[in-house]
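Asks: Could you have a look at this structure, given as structure tokens, before my questions?
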Amino acid sequence: MDLDAAHGRGTHIKEIHLDVGQTNSWLVYLDGSPFKATAVWSDLPGEPPTGLPVDPVIPMLVNNLDLWVETEDGSQQFLPWVLDPDLTNKNENVRAAPATTGYDDRNNVEQVYIEAPTAGVYRIVTVHAGGLPGGPSPTNRWLSILTSGDTPIPPSIAHWENSPSTNEFLIEFVCDPGAYLILETSTDLMAEDSWHEEGLLVTESSLNAVLFSANEDILFWRLRRQTGE
């Protein structure tokens, strides 16, 4: 919470909406200190197997969401922790073995941990992979994300254009999803006190757009994160 207040609301504590089959990813900077990303979502109750056996071997996750982290060029991937429940043989040694990493289709909590990442830009990836074979139909889900050890990439305006017939402006910008941003405008870049707030934005994906009206002939824009100040 302190990191979120310092770096900007929605930077480290995120709520992301994922449709079935949708991928949502964004870039962060890791300076080499330990990094952790945790994803949690509310899942619907699965269908229990016939006879209600103890330790059923068939996963009952309804909505299979995935989390992983990769280098910016995609050459290296970091998967979440997984445990082998060994529900078939119930071998004590297997169940007592340390967790490894891999894809998880059993739990609605996933966590990626990188103890000593090479400093650089990384991509956090979230995916709604759908449902499990033979299980109930999946539905769109809200996903909660908590990160630590990362520094956000500043938002950047990718494109803008104004209507030839009205005073409306369309601004497209790049930022991590779930972030709370303040859009500001100015008519004089030399005067810091000339910046005015136009409104609060909540990003939905890495590429976002906003449409607003302005009466000034000369206008400058900037985006800044909403901090806890």
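Asks: When you scan region 37-60, how many residues do you find that are under 13 Å from the mean Cα position of the chain (by Cα) and loosely packed, with under 15 Cβ neighbours inside 10 Å?
Replies: 0
Asks: Further question on the same structure: If residue 100 passes every condition in (1) surrounded by 13 or more Cβ atoms within 10 Å (Cβ to Cβ); (2) in contact with a strand residue (DSSP E or B) (Cβ under 7 Å, 6 or more places away or on another chain) but one, which one does it miss?
Replies: (1) is the only condition that residue 100 fails.
Asks: Restrict the check to region 106-127 and report whether at least one residue is out of contact with any strand residue (DSSP E or B) (no Cβ under 6 Å at 6 or more places or on another chain) and in a strand (DSSP E or B).
Replies: Checked region 106-127: at least one residue is out of contact with any strand residue (DSSP E or B) (no Cβ under 6 Å at 6 or more places or on another chain) and in a strand (DSSP E or B).
Asks: I would also like to ask the following. I'm trying to understand the selection: among the residues of region 86-139, which are within 20 Å of the chain's Cα centre (by Cα) and of a type in the set (Lys, Arg)?
Replies: 123, the sole residue that qualifies.
Asks: Can you spot a residue in region 159-177 that is in a strand (DSSP E or B) and either out of contact with any strand residue (DSSP E or B) (no Cβ under 9 Å at 6 or more places or on another chain) or closer than 27 Å to residue 43 by Cβ (or both)? It would help to see each step written out before you state the result.
Replies: At the first step, the residues of region 159-177 found to be in a strand (DSSP E or B) are 159-162, 168-174.
The next check asks that each one be either out of contact with any strand residue (DSSP E or B) (no Cβ under 9 Å at 6 or more places or on another chain) or closer than 27 Å to residue 43 by Cβ (or both); those that pass are none.
Within region 159-177, none of the residues are in a strand (DSSP E or B) and either out of contact with any strand residue (DSSP E or B) (no Cβ under 9 Å at 6 or more places or on another chain) or closer than 27 Å to residue 43 by Cβ (or both).
Asks: When you scan region 139-155, how many residues do you find that are on the phi < 0 side of the Ramachandran plot and assigned to a loop (DSSP other than H, G, I, E, B)?
Replies: Qualifying residue count for the region: 5.
Asks: Same structure again: Report, ordered by the first and then the second residue, all pairs with beta carbons closer than 8 Å, sequence separation of six or more or different chains, a first member in region 22-48 that is over 17 Å from residue 8 (Cβ atoms), and a second member that is basic (Lys, Arg) and not in a loop (DSSP other than H, G, I, E, B).
Replies: Taking only residues 6 or more apart or on different chains, the pairs are 25/123; 41/141; 42/141; 43/141.
Asks: Still on this structure, I have one more. Might you check whether a residue that is part of a strand (DSSP E or B) and exposed (fewer than 13 other Cβ atoms within 10 Å of the Cβ) occurs anywhere in region 183-190?
Replies: Among the residues of region 183-190, not one is part of a strand (DSSP E or B) and exposed (fewer than 13 other Cβ atoms within 10 Å of the Cβ), which makes the answer no.
Asks: Then there is this: Only one of these is assigned to a loop (DSSP other than H, G, I, E, B) and of a type in the set (Ser, Thr, Tyr): 38, 11. Name it.
Replies: It is 11.
Asks: Follow-up question, since we're still on this one. Return yes when residue 136 is part of a loop (DSSP other than H, G, I, E, B), touching a residue at least 40 places away in the same chain (Cβ under 8 Å) and either over 24 Å from residue 28 (Cβ atoms) or not assigned by TED's automatic domain parsing to the domain that holds residue 59 (or both) and no when it is not.
Replies: yes
Asks: Related question: Being closer than 26 Å to residue 5 by Cα and β-branched (Val, Ile, Thr) is true for just one of 187, 126. Which residue is that?
Replies: 126 is the lone residue from the list that is closer than 26 Å to residue 5 by Cα and β-branched (Val, Ile, Thr).
Asks: For the structure I just gave you, tell me whether residue 73 is farther than 27 Å from residue 203 by Cα, acidic (Asp, Glu) and free of Cβ contacts under 8 Å to residues at least 40 places away in the same chain.
Replies: Values: farther than 27 Å from residue 203 by Cα: no; acidic (Asp, Glu): yes; free of Cβ contacts under 8 Å to residues at least 40 places away in the same chain: yes.
In short, no.
Asks: Name, by its number, the condition in (1) in contact with a Leu (Cβ under 9 Å, 6 or more places away or on another chain); (2) in a loop (DSSP other than H, G, I, E, B); (3) closer than 24 Å to residue 11 by Cα that does not hold for residue 73.
Replies: (1)
Asks: Just wondering, is there one or more residues in region 167-181 that are among the β-branched types (Val, Ile, Thr), in contact with a Ser or Thr (Cβ under 9 Å, 6 or more places away or on another chain), exposed (fewer than 13 other Cβ atoms within 10 Å of the Cβ) and touching a residue at least 12 places away in the same chain (Cβ under 8 Å)? Don't jump to the end; show me each part of the working.
Replies: Going through region 167-181, the residues among the β-branched types (Val, Ile, Thr) turn out to be 171, 174.
If we keep only those that are in contact with a Ser or Thr (Cβ under 9 Å, 6 or more places away or on another chain) too, we end up with 174.
Within this subset, residues satisfying the condition of being exposed (fewer than 13 other Cβ atoms within 10 Å of the Cβ) are none.
The answer is no, given that none of the residues of region 167-181 is among the β-branched types (Val, Ile, Thr), in contact with a Ser or Thr (Cβ under 9 Å, 6 or more places away or on another chain), exposed (fewer than 13 other Cβ atoms within 10 Å of the Cβ) and touching a residue at least 12 places away in the same chain (Cβ under 8 Å).
The values are calculated or read from the model by the stated rules, or taken from the named source; none is laboratory data. Given the structure is predicted, the values throughout are model-derived calculations rather than measurements. We place every Cβ from the backbone using ideal geometry, glycine too, and count neighbours over all the protein chains shown.
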